Amino acid sequence: MCTTRPPFVGGLPGLAGADARTTMAKHVEAAPASGYGYYGDGAAAADIDALLRDIHAAVVRPRTPADPPVEFFERTRRDYNHYDGRSVAFAFRYGDDAFAGDDPVATVHTTTSPPKKQPQPQRCEYDAGIDAALRAMERDPAERPSGDYLATDTQAGAELMVATRAHAVKLMYNFSGYYNLAPGTLHRAVSYVDRFLSASVTAGGCAGVNLVLLGAVTVFTAAKYEDRSTTLALRADDVARHVGCAACDVVAAERALFAALGYRLSGPTAYTFVDHFTRHGQEEDGSLLMLRTLAHHLADLALLDCRCGARFLPSAVAASAIALARMAMGGSAPSWSEEEVKVTGYELEDLAGCMAMIYDIHKHPEAWPGCYHIMDDCKLIYALPPLVI
């Protein structure tokens with residue numbers, strides 16, 4: 001049987017009643033001490049001692065029945081919430097009102113009904129502001145390549161053929177897919193390539209541009225913009241190993257890219273606008289997800305032709321991809337409702353040129369490097385009917 005030792009008085013238990021040990025400092029006298037740890041003599045010690053006693057009497061007072069119980073303070077220290085400390089414990093079971101067992105926990109009925117949940121509005125108040133900001137950014141000349149900068153009828157554009165650029169896009173597509181980079185990385189990287197090549201053509205030619213290195217660096221930069229955790233899976237050494245160069249060359253190419261783009265990396269892309277236009281869709285049975293997925297796939301095909309990005313705004317490319325996706329899902333001419341005109345800002349006739357380019361890429365994949373590969377990666381089985389607008 002275990003018992004508790006009563007509190008001892010007069011020192012340690014083993015030394016009770018024993019003679020005090022002799023020490024080497026018997027000649028040192030203890031200084032007078034007050035009850036509150038102040039060591040001194042005279043009136044000053046008495047005044048300090050009296051002051052501390054008054055403070056102790058004012059702060060530490062006997063408990064009264066009106067004071068909260070000790071459990072209240074223990075709980076609030078643990079939960080950091082005084083209201084929870086006063087809350088009543090409820091039985092943890094469903095249907096407390098109908099339960100009539102011998103549970104000692106009382107059930108408290110409240111007379112105030114909870115507020116009704118308001119229906120979520122379809123569009124937020126700042127939705128129009130987001131749309132206006134995206135439209136303004138895509139029209140900014142600093143965020144756009146020059147029109148038809150790879151046209152073969154100009155001497156500067158003849159240095160870089162359209163097919164060569166399409167092959168670079170194919171390598172970028174494979175590179176981003178190999179490292180499973182964030183969605184939207186490819187579109188942003190291709191926009192960086194077009195802007196860089198456009199600036200190079202304007203500066204006097206792009207014959208010395210290493211497209212393989214440029215494509216890998218733009219994918220690396222765009223991936224870091226889309227997802228900050230990219231650096232955990234992809235580093236400059238990995239890019240250099242993929243391209244076959246030194247890591248310092250990757251860093252130098254990235255610096256040259258930033259300088260050519262004017263450090264403006266946040267412009268919206270067709271991928272951005274596909275998500276933006278389909279954010280408020282009401283389709284059921286997974287048709288909205290199918291529409292968005294197919295529109296993203298068709299927008300990826302549009303990356304192969306530099307004319308889509310140079311002649312049309314990203315919002316127009318996204319709207320054209322959505323219209324073609326609806327046409328593939330419906331099996332007939334694209335249906336374009338008034339709501340879609342309001343959301344995208346385009347009539348179907350305004351999208352005829354861009355839709356024709358994407359349709360041509362889809363119907364003639366042999367003419368575009370990487371088109372077969374992109375089409376094979378699509379998880380949907382679809383067919384585009386004859387284009388009639």
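Structure above, values below:
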quantity	calculated
Residues Ser200, Ser315 arranged by fewest to most Cβ contacts within 10 Å	Ser200, Ser315
Coil-residue chymotrypsin sites (Phe, Trp or Tyr not before Pro) of the stretch 244-345, DSSP, other Cβ within 10 Å capped at 14	Tyr263
Label point distance in nm, Asp360-His280, each placed 7 Å from Cα along Cα→Cβ	3.5
Added length on full extension, which subtracts the Cα-Cα distance from 0.36 nm per residue, Ser335 to Glu349	3.8 nm
In the stretch 312-381, GluC sites (Glu not before Pro) in a DSSP loop with at most 14 other beta-carbon atoms within 10 Å	Glu347
By average C-beta atoms within 10 angstrom, highest first, the peptides 172-178, 298-304	298-304, 172-178
Burial ordering of Lys379, Lys363, Lys170, fewest other beta-carbon atoms within 10 Å first	Lys379, Lys363, Lys170
Cα→Cβ-extended label distance, 7 Å offset, between Asp237 and Ser146, nm	4.1
Cα shape, the stretch 240-366, gyration tensor, a/c 1.5 rule	prolate
Which of Cys378, Cys371 has the fewest Cβ neighbours within 10 Å, and the rest in rising order	Cys378, Cys371
Length released on extending from Leu384 to Ile48, taking residue separation times 0.36 nm less the Cα-Cα span	111.5 nm
Loop trypsin sites (Lys or Arg not before Pro), the stretch 257-299 (other Cβ atoms within 10 Å of the site Cβ: 15 or fewer; DSSP)	Arg264, Arg279
Zone of Asn210's modelled label, taken as backbone nitrogen in the stretch 233-269 under 17 Å from a point 7 Å along Cα→Cβ	235-258
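Any read-out appearing in this document is the output of simple, stated calculations on the displayed coordinates, not a laboratory observation. Quantities reported herein were computed from a predicted structural model and do not represent experimental measurements. A quick note on method: Cβ atoms are made from the backbone with ideal geometry, for glycine too, and the neighbour counts reach across all protein chains shown.
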